[in-house]
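Single-structure report; data block below.
The values are calculated or read from the model by the stated rules, or taken from the named source; none is laboratory data. This is a predicted model, so every value here is computed, not measured. Note that we place each Cβ from the backbone using ideal geometry, even for glycine, and neighbour counts take in every protein chain shown. With ligands, DNA and RNA removed, areas are computed over all heavy atoms of the protein, side chains included. Shrake-Rupley method; radii C 1.70, N 1.55, O 1.52, S 1.80 Å.
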Amino acid sequence: MTRLGHPLPPPVLEPPIRLAEHLLATDPERFRVAVMGSPKRERLAGFAIALQREHVWFLSQLYVLPSDQGQGIGQALLSLVLPSDAGPGDADRDPGDIPHKPGVLATCTDAAQPVSNALYGKLGIVARMPVVNLIGRLSSPQALPQLPKGVEPVPLEPTGQLAHRNPAAPGKADLAGVVDSIDRAVLGYAHRADHDFLRIQGRSGFLYRAAAGDPLGYGYSSRAGRFGPVALLDETLTAPVIGHLMRAIEPRGAASVWVPGANDRAMVALLRAGFRLEGFPAMFCWTRPFAAFERYLPAGLALL
Ligand SMILES: CC(C)(COP(=O)(O)OP(=O)(O)OC[C@H]1O[C@@H](n2cnc3c(N)ncnc32)[C@H](O)[C@@H]1OP(=O)(O)O)[C@@H](O)C(=O)NCCC(=O)NCCS
């Protein structure tokens, strides 16, 4: 960041460390560090963390210390956390083919980092979509309409249960299944462990249902201002759901939302509501399309 003339992010290490612990717990074999020096004087030169959720492999983080860059460490770390048959050496592939097994390879890069974009691009994990950071408060709340009549927001407890049990509401197991099905329809894969992690980290969620009980989507926000994920089966609910989440879980300060370029409804609604663009865009990269980003807002860039 310094090299690019950008301010350093605030030195708050707790959230990334908690995320690293979560990913170490769910994907220990895809969490690797590069160690330099002799056993007595060893030091870390870099690390790579990836996660596998159903058919989607996602590179969460890859960092090499500036003084150790350009020596092949990044590439070596990446090859260690890739799915075993996704490397560039598949015998039955023509040069230039993108890996097609075992599913999708994806990540999110900084638009301003040519090295990482080139490193992933060689594997077919090509930068395809900008994702921008919108930060602010609801200074023009009327830009975010109320939920349409008949759409019921049902709070999710930190454990993933519905807060108010009623005969029409699904039980815990059913609810997890409902969220799974929304995720598969919108994000392309289910990821219960990540939902549990986000709830434990203070994100509060709602399931949105139609009057007849059919699920319409879900959304999370937090008092700390970390917004998302939001997954909607019906994209016309984007602005009302963002408005509901912002009002129901009022952030203590400014809220931060990552908006994929495809989600024009969220972009327009948040800009009109008073949010401002922050920094330069990140880029979603993938080998094959996997998510309906026009109906999704990620939790962050290291964990969708
Ligand atoms: C991205 C990063 C992890 C790469 O680690 P590294 O150890 O420097 O990378 P390597 O030396 O293994 O490989 C870099 C490759 O990129 C290539 N490369 C560099 N700049 C390039 C460019 N502009 N266009 C095309 N290729 C380029 C190099 O030639 C090299 O490939 P080669 O060995 O086949 O020649 C490291 O630069 C880093 O930590 N960057 C800052 C954080 C970051 O951007 N992380 C990625 C998350 S978005």
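List of remarks:
- In terms of accessible area, using a 1.4 Å probe and ignoring ligands and nucleic acids, 157, 42, 278 rank largest first as 42, 278, 157.
- In this structure, the amide hydrogen of residue 216, modeled 1.01 Å from its nitrogen in the peptide plane, lies closer than 5 angstrom to those of 208, 209, 210, counting only residues at least 5 positions away or on a different chain.
- What the phi angles of region 207-219 give under the Karplus curve with 6.51, -1.76 and 1.60, with θ = phi - 60°, is a coupling list of 9, 9, 10, 7, 3, 6, x, 5, x, 10, x, 9, x Hz, glycine and proline written as x.
- A cut-off under 15 angstrom between Cβ atoms defines the neighbours of residue 187, and their net charge, with Lys, Arg +1 and Asp, Glu -1, is -1.
- Charge tally for residue 37 (other residues, Cβ to Cβ under 12 Å; Lys, Arg +1; Asp, Glu -1): +1.
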